[in-house]
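Below you'll find the structure, written out as structure tokens, and then a few comments.
Coordinate-derived values only; no laboratory data. This is a predicted model, so every value here is computed, not measured. Here the Cβ is made from the backbone with ideal geometry for all residues, glycine too, and neighbour counts use every protein chain on show.
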Amino acid sequence: MYEAWNRGDVAGFFAEDALFAELEGTIYRSRSGVIAAHEEILGTVMKGSQLVRGEVAFARIVSPGVGVLHSRVGILMPGEEEPPPTRFSMQLFVTVWRNDRWAVVALENARLLSLETMAARISSVVRRGASRLTCPRDAGNAGMTQPGRSSAVAGDVRPVATPGTPSRRTGRKPKYIQYEGFRPARREHAPDAAP
């Protein structure tokens with residue numbers, strides 16, 4: 001993949017039914033969508049970029065013909081000698097063996113940030129007085145969160161309580177339902193829960 005990116009050609013290793021989750025959360029649900037997205041960024045904002053300092057954290061065959069690979073890489077822009085810390089990312093690939101080669105069926109790309117960088121970004125948002133948090137867009141997922149629509153007001157975000165802690169609002173323990181497929185498999189903290 002690194003070599004394909006560095007050539008500006010990513011079409012060769014994605015399967016027809018590929019899924020791709022971008023850094024900011026956009027999800028592409030077809031090979032043509034994945035390729036179009038890559039061609040756009042490789043022709044504009046990432047033109048001439050090179051993937052460098054790549055490493056494979058792990059690669060595993062999880063069942064016959066299905067593999068999982070986790071990698072980390074930096075992006076070097078033209079004229080740079082070393083990528084800045086904010087331009088490192090990690091990828092999680094799911095691959096299948098088809099037509100005598102490994103093809104990517106799912107790829108998630110995420111930015112690698114230190115705790116210090118994350119704290120600095122959060123504090124800069126707070127200093128600017130941001131009043132709303134927005135959800136990333138999900139291309140091709142009609143009925144879900146739309147681009148630019150707010151998902152939460154910053155003041156409404158609260159830390160998650162320890163499981164089993166009574167609610168401050170009702171004083172009752174919450175119900176936890178574990179699902180297998182679409183049917184409840186086990187209920188905890190529910191009055192009718194089986195022992």
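Note that the range 2-112 carries a Kirkwood radius of 14.5 Å, evaluated over its alpha carbons pair by pair. Less than 5 angstrom separates the built amide H of LEU112 from those of PHE88, SER89, MET90, all sequence-distant by 5 or more or on a different chain. Among the trypsin sites (Lys or Arg not before Pro) found in the range 1-95, those both in a DSSP coil and sparsely packed, with 15 or fewer other Cβ atoms within 10 Å of their Cβ, are ARG29, LYS47. Arranged from fewest to most other beta-carbon atoms within 10 Å of their beta carbon, SER49, SER63, SER32, SER123 become SER63, SER123, SER32, SER49.
A Cβ-based charge dipole, computed about the Cα centre of the range 1-114 with Lys and Arg at +1 and Asp and Glu at -1, lands at about 240 debye.
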